[in-house]
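First up is the structure itself, then whatever we jot down about it.
The values are calculated or read from the model by the stated rules, or taken from the named source; none is laboratory data. Worth saying up front: this structure is predicted, and the values here are computed from it rather than measured. Here the Cβ positions follow ideal geometry from the backbone for every residue, glycine too, while neighbour counts run over all protein chains shown.
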Amino acid sequence: MTAARIVGGDPRALARAATAVENRLPEAETLLRELFPHTGQATVLGITGSPGAGKSTLVAALIRQIRAEGLSVGVVAVDPTSPYSGGAILGDRIRMQDSHADPGVFIRSMATRGWLGGLAAATTDMVLLLDAAGYDVILVETVGVGQDEVEIARLADATLVILVPGAGDDVQAIKAGIMEIADVFIVNKADLDGAARLVRELHASLQLAHRSDRWVPPIVKTVASLGQGIEELLAAARAYLAQAPRKSRSREIWRLRLREMLREALLARIPDEAVGTAAEAVAQHRQDPYTATRELLDQLFDSGRNE
(Lines give C-alpha, C1' and ligand atoms only; values in the text may rest on other atoms or scores of the structure.)
Protein backbone atom coordinates (compact mmCIF):
# COMPACT_ATOMS: atom_id res chain seq x y z
CA MET A 1 0.00 0.00 0.00
CA THR A 2 2.32 2.72 -1.26
CA ALA A 3 1.46 6.22 -2.42
CA ALA A 4 3.11 5.58 -5.78
CA ARG A 5 0.86 2.59 -6.48
CA ILE A 6 -2.26 4.58 -5.62
CA VAL A 7 -1.21 7.52 -7.79
CA GLY A 8 -0.45 5.00 -10.50
CA GLY A 9 -4.03 3.75 -10.42
CA ASP A 10 -3.61 0.37 -8.74
CA PRO A 11 -7.19 -0.53 -7.63
CA ARG A 12 -6.06 -3.10 -5.07
CA ALA A 13 -3.71 -0.65 -3.39
CA LEU A 14 -6.51 1.92 -3.41
CA ALA A 15 -8.96 -0.54 -1.82
CA ARG A 16 -6.49 -1.41 0.94
CA ALA A 17 -5.78 2.26 1.56
CA ALA A 18 -9.52 2.99 1.73
CA THR A 19 -9.90 0.34 4.43
CA ALA A 20 -7.00 1.83 6.41
CA VAL A 21 -8.51 5.32 6.12
CA GLU A 22 -11.98 4.24 7.20
CA ASN A 23 -10.63 2.25 10.16
CA ARG A 24 -8.32 5.12 11.19
CA LEU A 25 -5.26 2.87 11.14
CA PRO A 26 -1.96 4.55 12.11
CA GLU A 27 -0.47 4.16 8.63
CA ALA A 28 -3.38 6.00 7.02
CA GLU A 29 -2.27 9.47 8.12
CA THR A 30 1.27 8.92 6.84
CA LEU A 31 -0.10 7.75 3.50
CA LEU A 32 -2.44 10.74 3.21
CA ARG A 33 0.45 13.10 3.90
CA GLU A 34 2.36 11.57 1.00
CA LEU A 35 -0.69 11.70 -1.28
CA PHE A 36 -1.79 15.25 -0.51
CA PRO A 37 0.49 16.92 -3.13
CA HIS A 38 -1.31 14.83 -5.76
CA THR A 39 -4.77 16.12 -4.81
CA GLY A 40 -6.80 19.14 -5.85
CA GLN A 41 -7.72 18.16 -9.40
CA ALA A 42 -10.99 16.25 -8.91
CA THR A 43 -14.45 17.81 -8.96
CA VAL A 44 -16.40 16.78 -5.87
CA LEU A 45 -20.18 16.67 -6.12
CA GLY A 46 -22.22 16.08 -2.97
CA ILE A 47 -25.63 14.41 -3.32
CA THR A 48 -27.97 14.72 -0.38
CA GLY A 49 -31.64 14.60 0.47
CA SER A 50 -34.18 12.77 2.56
CA PRO A 51 -34.50 8.96 2.55
CA GLY A 52 -36.53 7.71 -0.39
CA ALA A 53 -35.59 10.61 -2.65
CA GLY A 54 -33.74 8.27 -5.00
CA LYS A 55 -30.16 9.30 -4.21
CA SER A 56 -28.56 5.96 -5.08
CA THR A 57 -30.51 5.68 -8.33
CA LEU A 58 -29.48 9.22 -9.24
CA VAL A 59 -25.83 8.50 -8.43
CA ALA A 60 -25.96 5.41 -10.67
CA ALA A 61 -27.37 7.55 -13.49
CA LEU A 62 -24.68 10.19 -12.94
CA ILE A 63 -21.99 7.51 -13.10
CA ARG A 64 -23.27 6.35 -16.48
CA GLN A 65 -23.44 9.89 -17.86
CA ILE A 66 -19.99 10.90 -16.61
CA ARG A 67 -18.45 7.71 -17.96
CA ALA A 68 -20.12 8.36 -21.32
CA GLU A 69 -18.17 11.63 -21.37
CA GLY A 70 -14.92 9.70 -20.95
CA LEU A 71 -14.28 10.80 -17.36
CA SER A 72 -13.44 8.52 -14.45
CA VAL A 73 -15.68 8.45 -11.37
CA GLY A 74 -15.04 7.77 -7.70
CA VAL A 75 -18.03 7.27 -5.42
CA VAL A 76 -18.17 7.51 -1.63
CA ALA A 77 -21.56 6.25 -0.46
CA VAL A 78 -22.17 6.85 3.24
CA ASP A 79 -24.59 4.32 4.68
CA PRO A 80 -26.23 3.79 8.08
CA THR A 81 -24.19 1.78 10.56
CA SER A 82 -25.12 -1.78 11.47
CA PRO A 83 -25.69 -1.98 15.25
CA TYR A 84 -24.10 -5.45 15.19
CA SER A 85 -21.02 -5.26 12.97
CA GLY A 86 -20.41 -1.50 12.86
CA GLY A 87 -20.28 -1.75 9.08
CA ALA A 88 -22.37 -0.15 6.37
CA ILE A 89 -25.82 -1.74 6.29
CA LEU A 90 -26.38 -1.36 2.55
CA GLY A 91 -22.86 -2.31 1.48
CA ASP A 92 -21.81 -1.22 -2.00
CA ARG A 93 -25.24 -0.04 -3.09
CA ILE A 94 -27.23 -2.54 -5.11
CA ARG A 95 -28.30 0.12 -7.61
CA MET A 96 -24.67 0.84 -8.56
CA GLN A 97 -23.62 -2.77 -9.11
CA ASP A 98 -23.65 -2.49 -12.90
CA SER A 99 -20.66 -0.12 -12.60
CA HIS A 100 -18.47 -2.36 -10.45
CA ALA A 101 -16.81 -4.07 -13.41
CA ASP A 102 -15.90 -0.73 -14.98
CA PRO A 103 -12.19 0.06 -14.35
CA GLY A 104 -13.02 3.76 -14.60
CA VAL A 105 -15.31 3.59 -11.57
CA PHE A 106 -14.40 3.04 -7.92
CA ILE A 107 -17.23 2.72 -5.40
CA ARG A 108 -16.73 2.67 -1.66
CA SER A 109 -19.45 2.40 0.98
CA MET A 110 -18.72 3.80 4.41
CA ALA A 111 -20.60 3.42 7.67
CA THR A 112 -21.47 6.57 9.62
CA ARG A 113 -20.47 4.85 12.91
CA GLY A 114 -22.52 7.35 14.84
CA TRP A 115 -21.18 10.42 13.04
CA LEU A 116 -23.87 13.07 12.64
CA GLY A 117 -24.49 15.32 9.67
CA GLY A 118 -24.91 12.64 7.01
CA LEU A 119 -21.22 11.85 6.57
CA ALA A 120 -18.74 9.42 8.07
CA ALA A 121 -15.83 10.85 10.05
CA ALA A 122 -13.30 9.71 7.43
CA THR A 123 -15.25 10.88 4.36
CA THR A 124 -12.94 13.83 3.66
CA ASP A 125 -9.90 11.59 3.80
CA MET A 126 -11.58 9.10 1.48
CA VAL A 127 -12.25 11.88 -1.02
CA LEU A 128 -8.58 12.92 -0.85
CA LEU A 129 -7.60 9.33 -1.51
CA LEU A 130 -9.76 9.11 -4.65
CA ASP A 131 -8.54 12.53 -5.77
CA ALA A 132 -4.91 11.40 -5.49
CA ALA A 133 -5.77 8.22 -7.38
CA GLY A 134 -6.72 10.38 -10.35
CA TYR A 135 -10.49 10.16 -10.49
CA ASP A 136 -11.92 13.08 -12.44
CA VAL A 137 -15.25 13.36 -10.63
CA ILE A 138 -15.98 12.21 -7.09
CA LEU A 139 -19.58 11.72 -6.04
CA VAL A 140 -20.32 11.75 -2.31
CA GLU A 141 -23.73 10.38 -1.42
CA THR A 142 -24.80 11.13 2.13
CA VAL A 143 -26.68 8.76 4.38
CA GLY A 144 -30.07 10.45 4.03
CA VAL A 145 -31.06 11.67 7.46
CA GLY A 146 -33.01 14.79 6.63
CA GLN A 147 -32.39 18.40 7.61
CA ASP A 148 -29.32 17.76 9.77
CA GLU A 149 -27.45 16.54 6.71
CA VAL A 150 -25.49 19.71 6.02
CA GLU A 151 -21.88 18.60 6.55
CA ILE A 152 -21.65 17.80 2.84
CA ALA A 153 -21.42 21.54 2.12
CA ARG A 154 -18.09 21.56 3.97
CA LEU A 155 -16.67 18.95 1.62
CA ALA A 156 -18.19 19.22 -1.84
CA ASP A 157 -17.37 21.71 -4.58
CA ALA A 158 -21.09 21.69 -5.41
CA THR A 159 -23.96 20.36 -3.33
CA LEU A 160 -26.93 18.79 -5.10
CA VAL A 161 -30.11 18.48 -3.02
CA ILE A 162 -32.76 15.97 -4.10
CA LEU A 163 -36.46 16.39 -3.39
CA VAL A 164 -39.38 14.27 -4.53
CA PRO A 165 -43.04 15.19 -4.99
CA GLY A 166 -45.71 13.72 -2.77
CA ALA A 167 -43.61 13.65 0.39
CA GLY A 168 -45.94 15.82 2.43
CA ASP A 169 -44.94 19.41 3.13
CA ASP A 170 -41.83 19.00 0.98
CA VAL A 171 -40.07 22.33 1.29
CA GLN A 172 -40.95 23.12 4.89
CA ALA A 173 -39.81 19.67 5.98
CA ILE A 174 -36.19 20.41 5.11
CA LYS A 175 -35.97 24.19 5.06
CA ALA A 176 -34.19 24.45 8.40
CA GLY A 177 -31.03 22.79 7.13
CA ILE A 178 -30.70 21.50 3.62
CA MET A 179 -32.39 24.40 1.83
CA GLU A 180 -29.51 26.71 2.70
CA ILE A 181 -26.73 24.47 1.35
CA ALA A 182 -28.11 23.59 -2.09
CA ASP A 183 -26.16 24.80 -5.12
CA VAL A 184 -28.55 22.87 -7.37
CA PHE A 185 -32.01 21.53 -6.54
CA ILE A 186 -33.16 18.28 -8.10
CA VAL A 187 -36.82 17.35 -8.29
CA ASN A 188 -36.45 13.62 -8.83
CA LYS A 189 -39.28 11.28 -9.83
CA ALA A 190 -40.58 14.25 -11.79
CA ASP A 191 -43.05 12.00 -13.61
CA LEU A 192 -45.13 11.73 -10.43
CA ASP A 193 -48.11 13.91 -9.58
CA GLY A 194 -47.13 16.97 -7.60
CA ALA A 195 -43.81 17.63 -9.35
CA ALA A 196 -44.98 20.94 -10.82
CA ARG A 197 -46.29 22.07 -7.43
CA LEU A 198 -42.97 21.20 -5.78
CA VAL A 199 -41.08 23.22 -8.40
CA ARG A 200 -43.35 26.21 -7.73
CA GLU A 201 -42.77 25.91 -3.98
CA LEU A 202 -39.03 25.82 -4.50
CA HIS A 203 -39.11 28.87 -6.75
CA ALA A 204 -41.17 30.72 -4.12
CA SER A 205 -38.71 29.79 -1.37
CA LEU A 206 -35.73 30.84 -3.45
CA GLN A 207 -37.23 34.28 -3.97
CA LEU A 208 -37.07 34.79 -0.21
CA ALA A 209 -33.51 33.49 0.16
CA HIS A 210 -30.41 35.60 -0.50
CA ARG A 211 -27.02 33.96 -0.73
CA SER A 212 -23.84 35.92 -0.12
CA ASP A 213 -22.47 34.81 -3.51
CA ARG A 214 -25.73 35.87 -5.23
CA TRP A 215 -26.07 32.46 -6.85
CA VAL A 216 -29.67 31.38 -7.39
CA PRO A 217 -29.75 27.57 -7.30
CA PRO A 218 -31.34 26.18 -10.46
CA ILE A 219 -34.08 23.56 -10.23
CA VAL A 220 -33.60 20.51 -12.44
CA LYS A 221 -36.28 17.88 -12.95
CA THR A 222 -35.08 14.29 -13.30
CA VAL A 223 -36.41 10.77 -13.55
CA ALA A 224 -33.23 9.02 -12.45
CA SER A 225 -34.58 5.51 -12.98
CA LEU A 226 -34.98 6.33 -16.69
CA GLY A 227 -31.86 8.50 -17.00
CA GLN A 228 -33.94 11.57 -17.77
CA GLY A 229 -32.59 15.02 -16.90
CA ILE A 230 -29.09 13.80 -15.98
CA GLU A 231 -27.29 15.79 -18.68
CA GLU A 232 -29.17 18.91 -17.59
CA LEU A 233 -28.23 18.22 -13.98
CA LEU A 234 -24.52 18.00 -14.76
CA ALA A 235 -24.77 21.17 -16.84
CA ALA A 236 -26.37 23.00 -13.90
CA ALA A 237 -23.66 21.80 -11.49
CA ARG A 238 -20.94 22.88 -13.92
CA ALA A 239 -22.57 26.27 -14.34
CA TYR A 240 -22.30 26.78 -10.59
CA LEU A 241 -18.67 25.65 -10.54
CA ALA A 242 -17.84 27.98 -13.42
CA GLN A 243 -18.98 31.06 -11.53
CA ALA A 244 -17.60 30.04 -8.12
CA PRO A 245 -13.85 30.76 -7.82
CA ARG A 246 -12.16 27.44 -7.03
CA LYS A 247 -9.55 28.96 -4.74
CA SER A 248 -12.09 30.72 -2.54
CA ARG A 249 -14.25 27.59 -2.35
CA SER A 250 -11.24 25.48 -1.48
CA ARG A 251 -10.10 27.92 1.20
CA GLU A 252 -13.50 27.91 2.89
CA ILE A 253 -13.77 24.12 2.73
CA TRP A 254 -10.34 23.73 4.32
CA ARG A 255 -11.01 26.37 6.96
CA LEU A 256 -13.96 24.30 8.14
CA ARG A 257 -12.13 21.00 7.76
CA LEU A 258 -9.10 22.21 9.75
CA ARG A 259 -11.40 23.25 12.58
CA GLU A 260 -12.79 19.71 12.62
CA MET A 261 -9.30 18.21 12.55
CA LEU A 262 -8.19 20.43 15.42
CA ARG A 263 -11.25 19.39 17.41
CA GLU A 264 -10.55 15.70 16.78
CA ALA A 265 -6.86 16.09 17.63
CA LEU A 266 -7.59 17.93 20.88
CA LEU A 267 -10.16 15.37 21.97
CA ALA A 268 -7.80 12.52 21.17
CA ARG A 269 -5.17 14.00 23.51
CA ILE A 270 -7.47 14.32 26.51
CA PRO A 271 -7.49 11.00 28.44
CA ASP A 272 -10.87 9.33 28.82
CA GLU A 273 -10.17 8.98 32.53
CA ALA A 274 -9.87 12.75 32.91
CA VAL A 275 -13.14 13.29 31.06
CA GLY A 276 -14.79 10.62 33.20
CA THR A 277 -13.59 12.25 36.42
CA ALA A 278 -14.86 15.64 35.26
CA ALA A 279 -18.18 14.12 34.21
CA GLU A 280 -18.62 12.58 37.66
CA ALA A 281 -17.93 15.94 39.31
CA VAL A 282 -20.47 17.70 37.09
CA ALA A 283 -23.07 14.95 37.56
CA GLN A 284 -22.78 15.35 41.33
CA HIS A 285 -22.91 19.14 41.01
CA ARG A 286 -19.52 19.49 42.62
CA GLN A 287 -18.43 21.46 39.59
CA ASP A 288 -20.12 23.27 36.72
CA PRO A 289 -19.49 22.01 33.15
CA TYR A 290 -17.90 25.26 32.02
CA THR A 291 -15.20 25.18 34.67
CA ALA A 292 -14.68 21.46 34.02
CA THR A 293 -14.14 22.14 30.32
CA ARG A 294 -11.72 24.96 31.02
CA GLU A 295 -9.72 22.79 33.44
CA LEU A 296 -9.50 19.96 30.91
CA LEU A 297 -8.17 22.39 28.32
CA ASP A 298 -5.70 23.86 30.83
CA GLN A 299 -4.44 20.35 31.62
CA LEU A 300 -4.02 19.64 27.92
CA PHE A 301 -2.03 22.80 27.22
CA ASP A 302 0.05 22.41 30.38
CA SER A 303 1.01 18.88 29.34
CA GLY A 304 1.85 20.16 25.87
CA ARG A 305 4.22 22.80 27.27
CA ASN A 306 5.95 20.18 29.43
CA GLU A 307 6.58 17.77 26.56
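Answer yes or no as to whether Ser72 is buried (at least 17 other Cβ atoms within 10 Å of the Cβ), at pLDDT 95 or above and among the polar types (S, T, N, Q).
Numbers: buried (at least 17 other Cβ atoms within 10 Å of the Cβ): yes; at pLDDT 95 or above: yes; among the polar types (S, T, N, Q): yes.
Answer is yes for this residue.
Please go through region 223-247 and give me each residue that is part of a loop (DSSP other than H, G, I, E, B) and touching a residue at least 24 places away in the same chain (Cβ under 8 Å), ordered by number.
Listed by number, the residues that qualify are Gly227, Gly229, Ala244.
Output the number of the condition that Ala239 fails; it satisfies all remaining conditions of (1) surrounded by 15 or more Cβ atoms within 10 Å (Cβ to Cβ); (2) not assigned by TED's automatic domain parsing to the domain that holds Glu201.
Answer for Ala239: the failing condition is (2).
Residues checked against (1) modelled with pLDDT under 95; (2) assigned by TED's automatic domain parsing to the domain that holds Gln65; (3) not in a helix (DSSP H, G or I):
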| position | (1), (2), (3) |
| --- | --- |
| Ala167 | yes, yes, yes |
| Met179 | yes, yes, no |
| Ala182 | yes, yes, yes |
| Val199 | yes, yes, no |
| Ala204 | yes, yes, no |
| Arg214 | yes, yes, yes |
| Arg249 | yes, no, no |
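Give region 251-272 a look and list any residue that's part of a helix (DSSP H, G or I) and either farther than 30 Å from Gln41 by Cβ or assigned by TED's automatic domain parsing to the domain that holds Val220 (or both), or say none.
Once the filter is applied, which keeps residues that are part of a helix (DSSP H, G or I) and either farther than 30 Å from Gln41 by Cβ or assigned by TED's automatic domain parsing to the domain that holds Val220 (or both), region 251-272 yields Leu266, Leu267, Ala268, Arg269, Asp272.
Tally time: how many residues in region 97-108 are modelled with pLDDT under 85 and surrounded by 15 or more Cβ atoms within 10 Å (Cβ to Cβ)?
Taking region 97-108 as the starting set, the residues that turn out to be modelled with pLDDT under 85 are 97-101.
Next, only the ones that are surrounded by 15 or more Cβ atoms within 10 Å (Cβ to Cβ) stay: 99.
Within region 97-108, residues that are modelled with pLDDT under 85 and surrounded by 15 or more Cβ atoms within 10 Å (Cβ to Cβ) number 1.
Residues that are surrounded by 16 or more Cβ atoms within 10 Å (Cβ to Cβ), in a helix (DSSP H, G or I) and within 30 Å of the chain's Cα centre (by Cα): does region 273-289 have at least one?
no
Which numbered condition trips up Val220, out of (1) closer than 19 Å to Val199 by Cα; (2) part of a helix (DSSP H, G or I)?
(2) is the only condition that Val220 fails.
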